[in-house]
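Working notes, beginning with the structure itself.
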Amino acid sequence: MTDADADPGMNGMNDKDGADGADITVDIAVVGAGAAGLSLAHRLAGTPGPHGAAPSVALVEAPGEPGSGTRTPPRTWCFWEAGEGPYEQAVRASWDRLRVRCPDGRTAEARLGPLRYKMIRSPDFAELVERRLARLPRLHRPAATVDRVLDHPAGGAVVHGTDASGSPVRVRARWAFDSRPPRRLPAARSTLLQHFRGWFVRCAADSFDPSAVELMDFRTPQPAHGLSFGYVLPLGRREALVEYTEFSAAPLRREEYERALRHYTAEVLGLGGMTVLDTEQGVIPMTDAVFPRRAGRCVFRIGTAGGATRPATGYTFAAVQRQSDAVADAWRRGRVPVPPPAHAARHRAMDAVVLRALAAGRLSGARFFGELFLRNPADRLLRFLDGRSRWWEEVAIGLSTPVPPMLRSAVELPVLRRRDAVLPRP
Ligand SMILES: Cc1cc2nc3c(=O)[nH]c(=O)nc-3n(C[C@H](O)[C@H](O)[C@H](O)COP(=O)(O)OP(=O)(O)OC[C@H]3O[C@@H](n4cnc5c(N)ncnc54)[C@H](O)[C@@H]3O)c2cc1C
């Protein structure tokens, strides 16, 4: 451990509520109760430190209902894992087969071996985690809109926010983890947006194969720049979440997503007698930016804000779990709990090449991803995306991509300037 990494402690304060004028004083403050904040609080609250005690934790979430004010709207998270995971009770559906359909109709269909592709709805996840956290005596849940998370001059960190009535809220902590979604992205050579809208549908007749996920269906009309695909998560023979997704520079207007979804469900999937029960919409940044995970001596960033989103795919949930495990492990050992990089440098480099080739229009994205699944076993690709592939598997994946545009993109990356990008409001 270097000097800069040494635990600075919290001089001038004791471990009681109200110390140093703060409303709450804890070992760990977690800002934001989304995927990253809830996962981290869940892992930490059950992890004894080197002196035997689990940390006291303040989980600070903005007041109001999900989707109102600064609160993130409800969403659906998918990820894959082998066997039962810690959030099994919240898993709404899972599948052991994936399909990817190329624009010309060729289909890659794969069994996932020991893995299952799982779907969790964020309200179910929050309910499960909150039920478990409610049993813990040293957990605080202040509702405050946080505007600053800073190092405290006397050591530790301080979280500044405002509650629903406009009164200031201050939380002092030995360590603070901030998951507020970034409005500005760090400068990058390539930034695309993965943007989508989905319908939860019910059909009058059997219409879906509940045993397989349609991961990428490229039979959608392809946009002039970037790519588009349908995504179908069947929840039964008659129910599914059906999404229209694009990877491109800017999101669509709501009516454009609706038109694309009407076309996909009616013309491509041939669904009739269909009722839309609910909708979901989102934007995920796909960027080769480097997200600082340390915002101060005692302040760290986690989740999307801490670079947990895989640049070439947008998957984040599994990386958030790995980061939470690593932070909890550092706490247990009494080390400075800096979140580790969510993705290995060589995987980020491979993703940067793909993003550059897509952003420069050198690849037909639909053909690229279709061929990737036709030419590689799906479980190899999923392990690659989770950072668990072997080097020779990565070479095989690289060789299955169109080499000239990838090489050209790889060669020009070192000389490209990084530019700022602003995320559109959800
Ligand atoms: C619609 C959608 C679907 C997605 N699906 C998948 C998927 O299937 N698989 C996958 O791996 N990834 C998916 N992602 C990407 C990623 O997993 C999610 O964005 C995930 O929610 C990121 O977790 P997070 O904790 O970083 O951010 P969030 O989950 O957004 O959590 C941030 C939290 O901070 C709170 N907050 C914000 N501002 C403040 C403030 N000022 N003060 C206090 N609290 C604040 C918010 O209310 C929220 O609870 C999806 C993203 C979207 C948008």
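The values are calculated or read from the model by the stated rules, or taken from the named source; none is laboratory data. The shown structure was predicted, so the numbers you read here are calculated from the model rather than taken from an experiment. With ideal geometry, Cβ positions are generated from the backbone for all residues, glycine too; neighbour counts draw on all protein chains shown. Accessible surface areas use protein heavy atoms only, side chains included; no ligands, DNA or RNA. Shrake-Rupley method; radii C 1.70, N 1.55, O 1.52, S 1.80 Å.
The range 186-208 and the range 214-250 have Cα centres spaced 6 Å apart. Protection proxy ranking, highest mean first, for peptides 34-42, 355-363: 34-42, 355-363, where packing is the per-residue count of other beta-carbon atoms within 10 Å, averaged.
Surface composition of the chain: carbon and sulfur make up 51 percent of the accessible area, probe 1.4 Å. Under 20 Å from a label point set 7 Å out along the Cα-to-Cβ vector of Leu374, the amide N atoms of the range 337-359 belong to 358. Counting only DSSP beta bridges whose two residues both lie in the chain, roughly 75 percent are antiparallel.
Shown for the chain are the DSSP H helices of 18 Å or more along their axis, judged by Cα atoms, with a mean Kyte-Doolittle hydropathy of at least -0.5: 345-359.
One Cα centroid belongs to the range 16-81, the other to the range 294-327; the line between them spans 14 Å. Note on the chain: Cα Rg divided by 2.2 N^0.38 Å, N the number of residues, gives 1.01. Secondary-structure-derived ellipticity at 222 nm for the chain, considering helices only, amounts to -7500 deg cm²/dmol, per-run term -39500 (n - 2.57) for DSSP H runs with n ≥ 4. Here the translational diffusion coefficient of the range 345-415 follows from Stokes-Einstein with Rh set to the Kirkwood radius across Cα pairs; for 20 °C and 1.002 mPa s it amounts to 172 µm²/s.
Given H placed on each backbone N at 1.01 Å, which residues far from Thr220 in sequence or on other chains put an amide H within less than 5 Å of it? Placed amide hydrogens put Gly230 under 5 Å from Thr220.
Computed from the C-beta positions of Arg254 and Ala53, the FRET efficiency with R₀ = 60 Å rounds to 0.75. Based on Cα contacts under 8 Å between residues 6+ apart, the chain shows a relative contact order of 19 percent.
Extension gain for Glu412 to Ala266 (0.36 nm times residue separation, less C-alpha to C-alpha distance): 48.3 nm.
For the peptides 371-378, 228-235, residues were scored by their other Cβ atoms within 10 Å and the scores averaged per peptide; the highest-first order is 228-235, 371-378. Amide H to amide H, with H built 1.01 Å from N, Ala308 comes under 5 Å of Gly303, counting only residues 5 or more places away or on other chains. Across the range 167-181, computed HN-Hα scalar couplings (Karplus, 6.51 cos²θ - 1.76 cosθ + 1.60, θ = phi - 60°) run 7, x, 10, 10, 10, 9, 8, 5, 9, 10, 10, 10, 10, 4, x Hz from first to last residue, x flagging Gly and Pro.
For Phe177, the residues whose amide H sits under 5 Å from its own are Ala29, Val30, Val31, Phe300, ignoring neighbours fewer than 5 places away on the same chain, with H placed 1.01 Å from N. Accessible surface for the chain, divided over its residues, is 45 Å² per residue with a 1.4 Å probe.
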